[in-house]
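Right, one structure below, let's go through it.
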């Protein structure tokens, strides 16, 4: 098998292609012959040593793949073999083979390509948990979606369209035409406009009911101030930590200094607002206890109501170039590695 190893924390070039024997699945595991592996922005932060709780190098990262089951471990139905699946292995996904607990594997709907399978569950589950489970978005409400052209952003736009929610999206100007076609009602070029001022203008000063913010720092302050009464700020990342291709050691401190000093319960009470956080990587047990979340998303896919967008594929050996592409915010949708 071939794997991409994170040899040390640093720029994209620390990712190195290595050969290893094919693993054998243990009890309760299946072996997936990978056809596509999704890149998430959290992978960028892991590479830079800025992602809490991630494995230390040397290690193989990647936690979203799609492929075909070619072997099963003791205790599993041999009928798994040959199935087209997606999987969330938590680590080791930047490879052409991986062993995964069967509970973290899902069968791809008929007609779903492997590249879409590697771009689907993590992003759509993140958006679903934020909007439906925690945000309780309702028809007629307004949602601010930061980085609307990213994987999670596009997933949120899809789900908002289903829910009948008005969307205000932030994205660079080059992405606006596509996002309008996807149903984004209002677009803000975050590079040239202050989104807080624009939200106030677009909503006649009323604000948004939900703000989805993966940026961090000052953006959290402004998103919170952009909320209407009963508004919910949901944070799900801190992309502002990745200021360049290499680790900026003071980045966490700078982000914290620019972020809100704290949301005291009495302040939230007085302002009638809520602040929530979503970290899908720490929720796999919950996801397994609530399979209806994934089932709903897969049902919407079968109905043609949601569709992950794969912006570009890179050969597995070019993982460094793929990381640079994502970190420079060039992608419109998901970037995928293929063996």
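Sticking with the crude label model, points 7 Å out along Cα→Cβ, report the distance from residue 68 to residue 193 in nm, one decimal please.
Placing both labels 7 Å along Cα→Cβ, they lie 4.8 nm apart.
When Rg is the radius of gyration of the Cα atoms in the stretch 122-281 and Rh is its Kirkwood radius, what does Rg/Rh come to?
On the way: Rg = 14.9 Å, Rh = 15.8 Å.
Computed over Cα atoms, the ratio is 0.95.
If we count other beta carbons within 10 Å of each Cβ, what is the order of 209, 264, 176, fewest first?
264, 176, 209
Where does each of 328, 116, 196, 107 land when they are ranked from fewest to most other beta-carbon atoms within 10 angstrom?
328, 107, 196, 116
Could you give the length gained on full extension between residue 180 and residue 133, defined as 0.36 nm per residue of separation minus the Cα-Cα distance, in nm?
Going from the current span to full extension adds 14.3 nm.
Springs between alpha-carbon pairs under 10 angstrom, Gaussian network model over the chain: which of 59, 192, 68 fluctuates most?
Taking springs between Cα atoms under 10 Å, the residue moving most is 192.
When the Debye formula is applied to the Cα atoms of the stretch 61-193, each taken as the same point scatterer, what base-10 log of I(q)/I(0) results at q = 0.10, 0.17 Å⁻¹?
-0.43, -0.92
How large is Rg/Rh for the stretch 1-136, to two decimals, with Cα atoms and a Kirkwood Rh? Write down the numbers at each step before the final one.
Details: Rg = 15.3 Å, Rh = 15.5 Å.
Dividing the radius of gyration by the Kirkwood radius yields 0.99.
How long, wide and thick is the stretch 149-204, going by the Cα atoms along their three principal axes, in whole angstroms, largest first?
In descending order, the Cα extents are 27, 25, 17 Å.
What are the radius of gyration and Dmax of the chain, computed over its Cα atoms and given in Å?
Over the chain's Cα set, Rg and Dmax evaluate to 19.9, 62 Å.
So if we plug the beta-carbon distance of residue 229 and residue 307 into 1/(1 + (r/R0)^6) with R0 = 30 Å, what FRET efficiency do we get, rounded to 0.05?
0.30
Cut-off 10 angstrom, C-alpha nodes, Gaussian network model of the chain. Which of 73, 304, 207 fluctuates the most?
The residue that fluctuates most here is 304.
Give me the percent relative contact order of the stretch 122-281, please, defined on Cα pairs under 8 angstrom at least 6 residues apart. Could the numbers behind the result be given before it?
On the way: 285 pairs, mean separation 32.4, N = 160.
Relative contact order of the stretch 122-281: 20 percent.
Determine, for 63, 325, the number of other Cβ atoms within 10 Å of each Cβ, and report the residues in order from fewest to most. Before the final figure, lay out the partial values.
Values: 63 25, 325 18.
Neighbour counts put them in this order, fewest first: 325, 63.
Gap in Å between the Cα centre of the stretch 107-185 and the Cα centre of the stretch 297-326?
Each part reduced to its Cα centre gives a spacing of 13 Å.
Determine Rg/Rh for the stretch 21-92; Rg is computed over alpha-carbon atoms and Rh is the Kirkwood hydrodynamic estimate from the same atoms.
On the Cα set of the stretch 21-92, Rg over Rh gives 1.04.
Any idea what the relative contact order of the chain is, in percent, if you count C-alpha pairs under 8 Å spaced at least 6 apart? If you can, show how the numbers build up before the last one.
Values: 733 pairs, mean separation 63.8, N = 339.
Computed over the chain, the figure is 19 percent.
What does the extension gain come out to for residue 266 and residue 83, with contour length at 0.36 nm per residue minus their alpha carbon separation?
Details: separation 183, 0.36 × 183 = 65.88 nm, distance 5.27 nm.
Full-extension gain reported as 60.6 nm.
Determine the distance separating the Cα centre of the stretch 1-75 from the Cα centre of the stretch 267-291; give it in Å without decimals.
27 Å
Values quoted throughout were computed directly from the atomic coordinates according to the rules given, and no laboratory measurement underlies them. From a predicted model like this one, the values you see are computed outputs, not experimental measurements. Virtual Cβ from ideal backbone geometry, glycine too; neighbours counted across all protein chains shown.
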